[in-house]
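Structure, as C-alpha cells:
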Amino acid sequence: GPDLRSALKELIPARKQELLEIKKNHSDVKVGDITVGSVIGGMRGNSSMFWQSTSLDPEEGIRFQGKTIQECQALLPSDPEEHDAKKSFLPESMLWLLMTGDIPSETQAANLTRELASRGRTIPKNTNKLMENLPRDMHPMTQLAIGLASMNQSSQFAKRYEQGALSKTDYWEYTLDDALNLIAALPALSGKIYSNIVNDGKPLGEFREDRDWSYNISSLLGMTTKDSCNRQNLSEEQANDFVNLMRLYTGIHVDHEGGNVSAHTTHLVGSALGDPFLSYSSGIMGLAGPLHGLAAQEVVRFLIEMNSEISSETSTDEIEKYLWKLLDSKRVVPGYGHAVLRKPDPRFTAMLEFAEARPQEFEKDKNVKLMQILSKIAPEVLKKHGKTKNPYPNVDSASGILFYHYGIQEMLFFTVIFGCSRSMGPMTQLVWDRIFGLPIERPKSLDMNALKSLCHMS
Ligand code: FAM
C-alpha cells in the first residue's frame, strides 16, 4: 500500500471539498449559545474549535477517528516481532489512523515505523550540543521544550517560508516533513533528558533503526536488556513488558480532542504559521502545568503516602477512613474525577488491564495493589461524599505507578513520556490545519465593562 504522504495526497481533494462546501453553504448554522459563565469559566462547554481526529464522549471516553480504545486494540497492527498474547498496538499504527482515518495494513504500519526510526536516528547537531549543556537539575519539561524549540533551525517549513518559495497548497507537505521529524526525534530527546537527570548526561542505551518508536524510547531510558544499560536489572520478560507498557501508554495518550491545554496551545501557536517545532514546544509548556500533565506524579505520591499510613494495602476499612480524612480536610482524591468524562476513563481501564494480565509481576508491589483496590473503594466513597460529578478513576490513577514499578521513579519525568505521546494528535491536526488552510485563531475578548453591560449591571 502507499506510504503516509501518498495516502494523504489521495484523501485531500475530497476532504477539502467537504470543508469548502460547509464553509460556503453552512457558515451561518448556529453551534450553540455562548454564556457569560463560559467566557469567565475557561470557555467550558463552548464548542468553538475544529479538530479532526479525536473526540471525547462523556460516557465512552476518547474516540480515535470514531474508534474506542478497545476497537483500536483489536484493529491496529502491533509489532510484528512481538508474539506475546498480551501485546499492545504500535503508536505508529495510531499515528496512521489519526492522520488518515483508516486502519493501516501491517505493511503500512511497518513502513511508518521504519520511516520514523530512520528520521529519528540523529537529531540536529545544535540541538544535541544544547541538550548536552543543559543544567542537570533543570525541569525535564523545560529541557524538552528547549530541545524541541531548538529544532526549529532545521524546519523545512520555516526555511521555505522565509525564502518566500512556498505556495499555500504546499504548506502541508513541509509541515508533514517537520511533524514526522519532530515525532521521530522524541525518543532521542527524552532519552537525553533522562540521562541528564539520572546519569550525568551519559547515554543509557542505544537507538535502533530496526526497532519501533516505543522500543527506542525504552532503550534510551536504559530499560531494555539488549540495547541499554538496564540499570534496573530487568529480566528479559520484564523488559519486554516495559516496552509493551510504553507502547500502550504512548498509544493511548496521543490526543484527547482539541480543547485540552497542550493540543489547543499547539494549534493556536501553529495558527500563526509557526512551524511544528515552535508550535509543539509551546504545547509542551502547556502540558507541564500541574492541572494538566503533572497529575500522574501526584497519584504516585498519594499512593506511597497512604501505604505508609495504613497497616496493609488490603485493609478496606483503613483505606476508607484515609479517604474520608482527606475529603474532610477539603482535599481531593488524586486520580479521580474528570472535567468531561462521566464514566471510568477507558485509558485507565486499559492500564489496569495491563497490570491484571501480569499478576505475578505485580502481586508483590503494594503500590500497584493499592491502586487496584482503591479503584473499587474510592468511587463508593466519592459517591457518598456527593460532590464530584465523576467518582471514577481517571487515566492518571494507574499510569505513573506502573512506570514507577519498573524503576522510572523520577516523577517529574513522567510528563516527558506523556509529551512524547501527545505529539501525535496535535501534529496530525497541524498538518490538516495546513491542508485546509485554516486561518489564524483570534477569539474576541470582553472586558469587565462589556460583561457588566451584558448583565445589565451598572
Ligand atoms: N476528590 C474530591 N473531590 C472532588 C474530586 C476528587 N477526586 N473531583 C472533583 N471533586 C469536587 C470538586 O473539588 C468540586 O468541589 P467544589 O464544588 O467544592 O469546588 C466538585 O467535586 C465538583 O467538581 P467536578 O465538576 O466533578 O470536577 P471539575 O470539572 O471541576 O474538575 C478535576 C475535574 C479532574 C480537576 C477534579 O475531578 C479533580 O481535582 N480531581 C483530582 C485531581 C486529578 O485526578 N487530576 C487529573 C485529571 C486528569 F484526568 C487530567 O486531566 N490529566
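Some values worked out for this structure:
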| quantity | calculated |
| --- | --- |
| One residue from Ser421, Ser399, Ser375 being modelled with pLDDT under 95, under 23 Å from Asp57 (Cα atoms) and in a helix (DSSP H, G or I) | Ser399 |
| Index of the failed condition, Lys87 passing every other in (1) surrounded by fewer than 20 Cβ atoms within 10 Å (Cβ to Cβ); (2) out of contact with any strand residue (DSSP E or B) (no Cβ under 7 Å at 6 or more places or on another chain) | (2) |
| Of all residues in the stretch 93-121 being touching a residue at least 40 places away in the same chain (Cβ under 8 Å) and among the β-branched types (Val, Ile, Thr), the one that is surrounded by the most Cβ atoms within 10 Å (Cβ to Cβ) | Thr113 |
| Within the stretch 386-421, tally of residues that are within 13 Å of the ligand (Cβ to nearest atom), more than 21 Å from Ala350 (Cβ to Cβ) and in contact (Cβ under 8 Å) with a residue 60 or more places away in the chain | 0 |
| Test: residue in the stretch 331-347 that is buried (at least 19 other Cβ atoms within 10 Å of the Cβ), over 17 Å from Gly400 (Cβ atoms) and hydrophobic (A, V, I, L, M, F, W, C) | yes |
| Candidate set: the stretch 348-385, residues that are free of Cβ contacts under 8 Å to residues at least 24 places away in the same chain and more than 21 Å from Asn244 (Cβ to Cβ); chosen: the one nearest to the chain's Cα centre (by Cα) | Lys376 |
| Single match in Ala357, Ala378 (criterion: away from the ligand (no atom under 16 Å from the Cβ) and either at negative phi or touching a Phe, Trp or Tyr at 6+ places or on another chain (Cβ under 6 Å) (or both)) | Ala357 |
| Residues located in the stretch 35-75, provided they are without any contact (Cβ under 8 Å) to a residue 60 or more places away in the chain, outside any strand (DSSP E or B) and surrounded by 16 or more Cβ atoms within 10 Å (Cβ to Cβ) | Asn46, Gln65 |
| Residue in the stretch 166-187 that is of a type in the set (A, V, I, L, M, F, W, C), over 23 Å from Ser399 (Cα atoms) and without any contact (Cβ under 8 Å) to a residue 24 or more places away in the chain present | yes |
| Residue identified as of a type in the set (Lys, Arg), farther than 16 Å from Ile252 by Cβ and assigned to a helix (DSSP H, G or I) among Lys364, Lys384 | Lys384 |
| Of the criteria (1) within 16 Å of the ligand (Cβ to nearest atom); (2) crowded, with 19+ Cβ neighbours inside 10 Å; (3) of a type outside the set (A, V, I, L, M, F, W, C), which one Ser282 fails | (1) |
| Residue match in the stretch 301-318 (condition: in contact (Cβ under 8 Å) with a residue 24 or more places away in the chain, farther than 29 Å from Ser235 by Cβ, surrounded by fewer than 17 Cβ atoms within 10 Å (Cβ to Cβ) and within 14 Å of the ligand (Cβ to nearest atom)) | no |
| First in the stretch 210-236 and closer than 14 Å to Glu92 by Cβ, second anywhere and modelled with pLDDT under 95, Cβ under 7 Å, 6 or more apart | Asp212/Asp79 |
| Total residues in the stretch 325-347, condition within 18 Å of Val299 (Cα to Cα), in contact (Cβ under 8 Å) with a residue 60 or more places away in the chain and more than 8 Å from the ligand (Cβ to nearest atom) | 2 |
| Listing of helices (runs of 4 or more DSSP H) fully contained in the stretch 124-206 that carry 2 or more residues being more than 23 Å from Met427 (Cα to Cα) | 125-132, 171-198 |
| In the stretch 402-418, the residues that are part of a helix (DSSP H, G or I) and out of contact with any Ser or Thr (no Cβ under 6 Å at 6 or more places or on another chain) | Leu402, Phe403, Tyr404, His405, Tyr406, Met411, Leu412, Phe413, Phe414, Thr415, Ile417, Phe418 |
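Residue-by-condition table, conditions (1) within 10 Å of the ligand (Cβ to nearest atom); (2) closer than 21 Å to Ser214 by Cα; (3) in contact (Cβ under 8 Å) with a residue 12 or more places away in the chain; (4) touching a strand residue (DSSP E or B) at 6+ places or on another chain (Cβ under 7 Å):
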{"residue": "Leu248", "(1), (2), (3), (4)": "no, yes, yes, no"}
{"residue": "Asp255", "(1), (2), (3), (4)": "no, yes, yes, yes"}
{"residue": "Gly258", "(1), (2), (3), (4)": "no, no, yes, no"}
{"residue": "His264", "(1), (2), (3), (4)": "no, no, yes, no"}
{"residue": "His267", "(1), (2), (3), (4)": "no, no, yes, no"}
{"residue": "His292", "(1), (2), (3), (4)": "yes, no, yes, no"}
{"residue": "Ala295", "(1), (2), (3), (4)": "yes, no, yes, no"}
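The values are calculated or read from the model by the stated rules, or taken from the named source; none is laboratory data. Remember, predicted model here, so these are calculated numbers, not experimental data. Cβ: placed from backbone, ideal geometry, glycine included. Neighbour counts: every protein chain shown.
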